[in-house]
1. Rank Leu84, Phe166, Leu118 by how far each Cα sits towards the positive end of the charge dipole of region 69-196 (+1 on Lys, Arg Cβ; -1 on Asp, Glu Cβ) and give me just the farthest.
2. What angle do you read, to the nearest 10 degrees and between 0 and 90, between the alpha-carbon axis of helix 95-109 and the longest principal axis of the chain?
3. Could you please report the charge total around Ala404, scoring K, R as +1 and D, E as -1 over all other residues with beta-carbon less than 14 angstrom from its beta-carbon?
4. Taking square-rooted eigenvalues a ≥ b ≥ c of the alpha carbon gyration tensor, is the chain rounded, prolate or oblate, where a/c under 1.5 means rounded and, failing that, a/b exceeding b/c means prolate?
5. Under 13 Å from a point 7 Å along the Cα-to-Cβ line of Gln572: which residues of region 454-492 have their amide N that close?
6. Region 475-575: which GluC sites (Glu not before Pro) are DSSP loop and have at most 16 other beta-carbon atoms within 10 angstrom?
7. Kindly work out what percent of the DSSP beta bridges joining two residues of the chain are antiparallel, to the nearest 5.
8. Can you sort Glu291, Glu52 so the residue with the fewest Cβ neighbours within 10 Å comes first?
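Any read-out appearing in this document is the output of simple, stated calculations on the displayed coordinates, not a laboratory observation. Here the structure is a predicted model, which is why all the values come from computation and not from measurement. Ideal geometry is used to build each Cβ from the backbone, glycine not excepted, and the neighbour counts take in all protein chains shown.
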Amino acid sequence: MVVPTKGSRAHYRQVRLIALVVLLCLAAAFIFGTSIYWRRQAAEQVWQEAAETLAVQTEILSGVLDKYRMVPPLLSRQSDIIALFPDPGENPISPRRAREKAEEIAGLSGAKEVIFLLPDMTLLAAARNIYNGRAPGAEPLTEAASHGILGRQAVSLDSPDRAYAFASDVRRNGKFVGVVIAYIGFEGIEATWSLTTAPVFITDEDNVIILTNQQQWRHRSMTEVLTNALVQKKYVNLERNLPLLGWQLHVLADQAPARRTGITAGGVAALLSVLAGAAVLLYLSRRERLERQTRRDKAQALRLERIVRDRTRALSLTNDELSHEVEERKQAEEKLTQAQAELIQTAKLAVLGQMAATLSHEMNQPLAAMRTYADNATRFLDLSRVGDARAALGRISAMVDRMAELSGALLSFSRRPGTEKRPVSLGSVLEEALILVRPRAKKAGVSLKVAEGVGNLALLGGRVRLSQIVVNLVNNAVDALRDTSNPEVVIGAHREEDQIVLTISDNGPGIPNELHERIFEPFFTTKPHGEGVGVGLSIVYNIVQDFGGSIRLVDREGPGCTFEIRLQAAEQAAVAAAN
Ligand code: ADP
């Protein structure tokens, strides 16, 4: 297994570290940004809602004021109400009726209090008498009404309840006889605020909270309330002037939802960041793994390449060695073939040596005869017997021919044979071989017979080596027939398909079965020391092998021995063409 380099590991550790730092920075920015953005969005929403509440409440307030604004002017112009006011300096006509009227009006209009004042600000009648015989804001209201304009005044007196008063003049025959004042309470408005979740309150010109949906803040200074740490942290103050009243309407927008939204958005962003970070880290680790794998594969491939290269080198070395060996073997084979050829030649010469005595005898005999014939011819010529002399010379001539034939055969036999194979006439091969072996056979009293028709056969081989086969086998037979009566050697041959089957048989003692396997071995002989060397049959075997043929000892009944040689057949016509 290929281990990634230290460098690559350190590199990846560094990349991971950088990625982590960058991711953390990005995540922080993302979380912070997202949280701020959504918080702002939510705050905007809250602010908008608060602003809407503010607008609505302002509208409600103005609506309420508008509703009551017309009440005193309308009342002050009604004759039955005018009639309730005495002329200045006179006594009231009926204070009881005036009070009943005020009660009626207050009941119908829903005003908090309805008061009838005389021009000197004396109370004529009060519908509910909630101000104990007094008319809060009577002075400015009467002043405005005396000038024929609608008097309006926010009032509080000592009571914590705040009210707003509208006042209108009452005139009879153009004379200012009194004032109708309607006081409007804000309890109803306060009641509607209780439905609003955001704190809503109104402050007067002294910044004191006069109306609110938060019970605990009522009649407290707004500054004090708003500087409270909790309130300051939780709310944003939206305010609007109510110019008519001289008051201010406040709506506090709760920031908690915005904060919660910011936190939620931040949480979601954090989750997304974690997921993205995990994805990036996963991607990095996968990339690292892939790169490691690629490196490993590359290293493996390189190693394989190196192995293949080494093996190839080793193989080519082995190949060279083998080629060298083959060359050496070839040379050795050549040397062996040469040695075998040498051996064949040597063995042949050895056979010739064996036969030398017989052959020289064969030569001496005609030479002696020729001498006798020559002497006779000389004598016949002296006696002028020309005819007899001619006959003697004729015999000499015939003998010279015989000797020439024998020496020709000897010369041919002793010649170093070629290695080629060509069509050869079996007749001419046997003829040459028999010239050489016949004298020995004759001397040993062995009859040598050649079967009929053998001379017409042709085979593939070398003439000299084929005659060596015949010479060796016949010589062996003659040797074996030494103690046999009517000894005889028969040479036969016939064609079987594309083979020539040559047999050389004798009627000698034969070869014991146990020796059948061994007789073709080199240097195997049963002959006494000095007579045989045991290479004859082995050479015959090799020559037959060289010609692509076979030799075997035929199993036969009774005494005697037959060698069968099979060689490739050739056509007679081819023999003529080859020579
Ligand atoms: P050598 O003739 O020198 O002994 P050979 O190789 O020619 O060597 O023969 C080997 C042996 O085979 C001979 O010694 C002989 O015993 C046996 N042999 C060969 N031919 C014959 C035959 N025709 N009859 C009996 N024995 C034979």
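1. Looking along the dipole axis, the top candidate is Leu84.
2. Compared with the principal axis, the helix lies near 10 degrees.
3. With Lys, Arg at +1 and Asp, Glu at -1, the net is -3.
4. Cα axes put the chain in the prolate bin.
5. 454-459
6. Glu497, Glu517, Glu531, Glu557, Glu571
7. If we restrict to bridges inside the chain, about 95 percent are antiparallel.
8. Sorted ascending by nearby Cβ count, the order is Glu52, Glu291.
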